[in-house]
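Inspection log for the structure reproduced underneath, given as C-alpha cells.
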Amino acid sequence: MKLLTISVPAYNEETMIVPLYERVVEVMDQVKESYTFELLFINDGSKDGTLDQMKALHEKDNRVVYVDLSRNYGKEVAMAAGFDYAKGDALVTMDADLQHPPEVILEMLKLWELGYEDVYAKRNRREGETWLKKATSKLYYRILQKVARIPVLPDAGDFRLLDKRCVEALKQMRESNRYTKGLYSWIGFKKNRSSVRCCPSL
C-alpha cells in the first residue's frame, strides 16, 4: 500500500493537536484499505504544551511522529522540515488549527491517483477579513504576477498534496528566506486544484 505523510507545522497549538488528530484519523479510516499513514507534527518552538500533546499521541499511535525544532523558526522553515522528514509516497501539508479541513484530503487523493503531482486547495471565501485586507491581497497577487518570472496561483495556499517527486525537488531548494508558494510554482510538475473549495483561510 502507498504511504501518505500528513505534515502539520504547529506553534502554540496545544488545544488543537488532539482535535486535529481525531479528524485526521476519521479520514485515515475511510481509506485504510488503500493507504497507510504517517502523521508528522513539526513543533516550531512552541512555548505551551503543544509538544507534550504530540508526545502523548506518539505513545498512543505509532502512526504519529514528531520533529521538535530548537526554537521558533516560522512556518516556512517548519514546512521545510516536514519535507525533509516525510517518508511518504506523497505528502499533504496543512495547518494545525483546522482551518484546513482534513476531509479534503480524500478529494486530493483521488486527483493524485489520476496522475496529478501537486493538488492544491483554493480558498473560496475570506471570513472575518476587512475589505481593505481583501483589496490589498488582490493587489499583491496582481503585482506579483507582473514581476514574477513564474506565475504564482492567487488564493492557493499551503494546504496541498505533493507527490514524492515534488517533495524531492523542494528539498533541493535550501533558501533561508523561503517563499514556498513561489517554490510550488517554480518546481513545475502536473498540478490540479481540488474541486472542494472550502478553505476559509489558507
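Laid out as a table, the results:
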{"read-out": "Residues located in the stretch 1-22, provided they are farther than 13 Å from Leu39 by Cα, charged (D, E, K, R) and outside any loop (DSSP other than H, G, I, E, B)", "value": "Lys2"}
{"read-out": "Single residue of the stretch 35-50 satisfying the filter (among the β-branched types (Val, Ile, Thr) and buried (at least 21 other Cβ atoms within 10 Å of the Cβ)) that is farthest from Asp89 (Cα to Cα)", "value": "Thr50"}
{"read-out": "Any chance Ser70 is surrounded by fewer than 18 Cβ atoms within 10 Å (Cβ to Cβ), in a loop (DSSP other than H, G, I, E, B), in contact (Cβ under 8 Å) with a residue 24 or more places away in the chain and among the hydroxyl-bearing types (Ser, Thr, Tyr)", "value": "yes"}
{"read-out": "Single unsatisfied condition, Arg63 versus (1) charged (D, E, K, R); (2) out of contact with any strand residue (DSSP E or B) (no Cβ under 7 Å at 6 or more places or on another chain); (3) farther than 18 Å from Gln99 by Cα; (4) at pLDDT 95 or above", "value": "(2)"}
{"read-out": "Hey, Lys87 in a loop (DSSP other than H, G, I, E, B), surrounded by fewer than 19 Cβ atoms within 10 Å (Cβ to Cβ) and of a type in the set (Lys, Arg) or not", "value": "yes"}
{"read-out": "Any hit, the stretch 95-115, residues being buried (at least 22 other Cβ atoms within 10 Å of the Cβ), touching a Lys or Arg at 6+ places or on another chain (Cβ under 8 Å) and modelled with pLDDT of 90 or more", "value": "yes"}
{"read-out": "Test result for Met54, under 19 Å from Arg165 (Cα atoms) and of a type in the set (A, V, I, L, M)", "value": "no"}
{"read-out": "Test for Val119: is it assigned to a strand (DSSP E or B), at pLDDT 95 or above and in contact with a Ser or Thr (Cβ under 9 Å, 6 or more places away or on another chain)", "value": "no"}
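The values are calculated or read from the model by the stated rules, or taken from the named source; none is laboratory data. These numbers come from a predicted model, not from an experiment. Reconstructed Cβ throughout: ideal geometry from the backbone, glycine too, with neighbour counts over all protein chains shown.
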